[in-house]
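I have placed the structure first, in the form of structure tokens, so that the comments after it can refer back to it.
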Amino acid sequence: MTMRLYDTAHQAVVDLELEDHVRMYVCGITPYDSTHLGHAATYLTYDLIIRRLEDLGHTVEMVRNVTDVDDSILPKARELGIDFLQLAEQEMERFGQDMDALNMRPAKFEPRATESIDGMLDLIQQLQDGGHTYVSEGTTYFDVTTFTSFGKLSHLTEEQMKELAAERGGNPDNPAQRNPLDFVLWQPSADDEPKWDSPFGVGRPGWHIECSAMCMNALGPTIDIHGGGGDLIFPHHECEIAQSEAVNEAPFSRYWVHAGLVAYQGTKMSKSLGNLVFVSDLRTEIDPRAIRLALMAHHYRSDFEWFDDEGPKAQTDLDLLIEACAIAEPLSEGQLMDEVREALDDDLNAPRARELLLESAQIIVDDPSQRHESCVAAAAALCGIELR
């Protein structure tokens, strides 16, 4: 038995061919605001993958970084009038509470960008030695023309890449760059920003170099699965590949698995629109297990909209599962377990797994003859929902 997942680079659902020990890197949060449903949906994806891989007998080493210095957290800290590390600390504490409440598998290692500067500087030095960088107006850039397969993950045209780069932190119209898609490795810091001494001048790292350095330091030059939200495919993960493979001359990740994005009642969920649904708020209204159950109704690769009535509906579904488990003797194995495993193996078909759980629970509640034994609790636990 093996899992089949959609690999972004191959643009196809593929069999995961994995050794016993699986190395997974998942892009973590930039801790300048609370955990929202988009975060929860993304991390649920990799939590379910980990649980199924462990069920198959693998040991999964999952590393999830903390981007505690970048172009998002610094303005927020400035706006609040507090130190950026203080902001990061308080939001990471809240993030940890939300992840615990949602019963997410903890990361094996959670490196922070501010504690990984030496690794970034070493990586930039290797890129410079290999002829992949240049300096313009005090900023060190990666020259994408030195990596001929740039774009192999996203499969986008140059015009599409330039458009997304402008939307997602890049500056393709910057005349200081040789090429529109070149990206920052090291940059001078503003007067009120954190700064580090380096061979490339006093300053701070660019966004993309952070993950490459933290990933390789924790897991080595080639990992098995790299994950994150679909909005990270370009430019973030594309740039990670370029700078990592330029140095290592080996694949950065064997598989690339991305999760869809979440909108709210017909509108893109974003901080600027003020329509974020925070996990910390939602779990005061419904059981955190119901949040997992609600998110499982949406396939991980699909963008979806969250509506306010989904929470109460999921709570009702959870109550059904709890009722079924209360009136049936638990089994650890059975047909339901096989069917749920089959669903998870089929490109992480969590909606089907959820449907199977609820169908079985309804049968138990409705038909006294089915009450004597059930593996609903075991199947739900495989999905991270503890009913006993």
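The values are calculated or read from the model by the stated rules, or taken from the named source; none is laboratory data. On a predicted model such as this, the values are computed, not experimentally measured, just so you know. Note that each Cβ is placed from the backbone with ideal geometry, even for glycine, and that neighbours are counted across all protein chains shown. The protein model used for the area step is the full one, side chains on, heavy atoms only, and it has no ligands, DNA or RNA in it. Shrake-Rupley method; radii C 1.70, N 1.55, O 1.52, S 1.80 Å.
General observations
- Counting only residues that are of a type in the set (Phe, Trp, Tyr), modelled with pLDDT under 95 and buried (at least 18 other Cβ atoms within 10 Å of the Cβ), region 255-288 holds 1 of them.
For (1) open to solvent by 10 Å² or more (accessible area, probe 1.4 Å); (2) more than 26 Å from Thr45 (Cβ to Cβ), each residue gets a yes or a no:
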| position | (1), (2) |
| --- | --- |
| Glu333 | yes, no |
| Glu339 | yes, no |
| Leu344 | no, no |
| Asn349 | yes, no |
| Ala353 | no, no |
| Pro368 | yes, yes |
| Val376 | no, no |
| Ala380 | no, no |
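Let's see how each residue does on (1) hydroxyl-bearing (Ser, Thr, Tyr); (2) modelled with pLDDT under 95; (3) in contact with an Asp or Glu (Cβ under 9 Å, 6 or more places away or on another chain); (4) not in a loop (DSSP other than H, G, I, E, B):
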position	(1), (2), (3), (4)
Tyr141	yes, no, yes, yes
Thr145	yes, no, yes, yes
Ala165	no, no, no, yes
Trp186	no, no, no, yes
Gly201	no, no, no, no
His226	no, no, yes, yes
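- Failed item, numbered, when Met216 is tested on (1) in contact (Cβ under 8 Å) with a residue 12 or more places away in the chain; (2) farther than 22 Å from Ala250 by Cα: (2)
- Evaluated against (1) touching an Asp or Glu at 6+ places or on another chain (Cβ under 8 Å); (2) part of a helix (DSSP H, G or I), Leu320 falls short on exactly one condition, (1).
- Test: Lys162 is in contact with a Leu (Cβ under 8 Å, 6 or more places away or on another chain) and either over 26 Å from Tyr32 (Cα atoms) or touching a residue at least 40 places away in the same chain (Cβ under 8 Å) (or both): yes
- Screening Gly81 on (1) over 30 Å from Ala41 (Cα atoms); (2) touching a residue at least 40 places away in the same chain (Cβ under 8 Å) shows it passes everything except condition (2).
- Residues in region 363-374 include none that are within 19 Å of Asn103 (Cβ to Cβ) and not in a helix (DSSP H, G or I).
- Counted residues, region 238-254 - those being crowded, with 23+ Cβ neighbours inside 10 Å and either of a type in the set (Val, Ile, Thr) or under 23 Å from Met3 (Cα atoms) (or both): 3
- Cβ separations smaller than 6 Å between residues 6+ apart or across chains give the following pairs from region 333-344 residues that are part of a helix (DSSP H, G or I) to residues that are surrounded by fewer than 18 Cβ atoms within 10 Å (Cβ to Cβ) and modelled with pLDDT of 95 or more: Ala343/Arg352.
- Among the conditions (1) open to solvent by 70 Å² or more (accessible area, probe 1.4 Å); (2) not in a loop (DSSP other than H, G, I, E, B), Met161 misses just one, which is (1).
- Across region 9-57, the qualifying residues are those that are among the polar types (S, T, N, Q) and crowded, with 23+ Cβ neighbours inside 10 Å, and the one among them that is farthest from Leu232 (Cα to Cα) is Thr35.
- For Pro172, the test of being farther than 30 Å from Val60 by Cβ, open to solvent by less than 70 Å² (accessible area, probe 1.4 Å), at pLDDT 95 or above and not in a strand (DSSP E or B) is passed.
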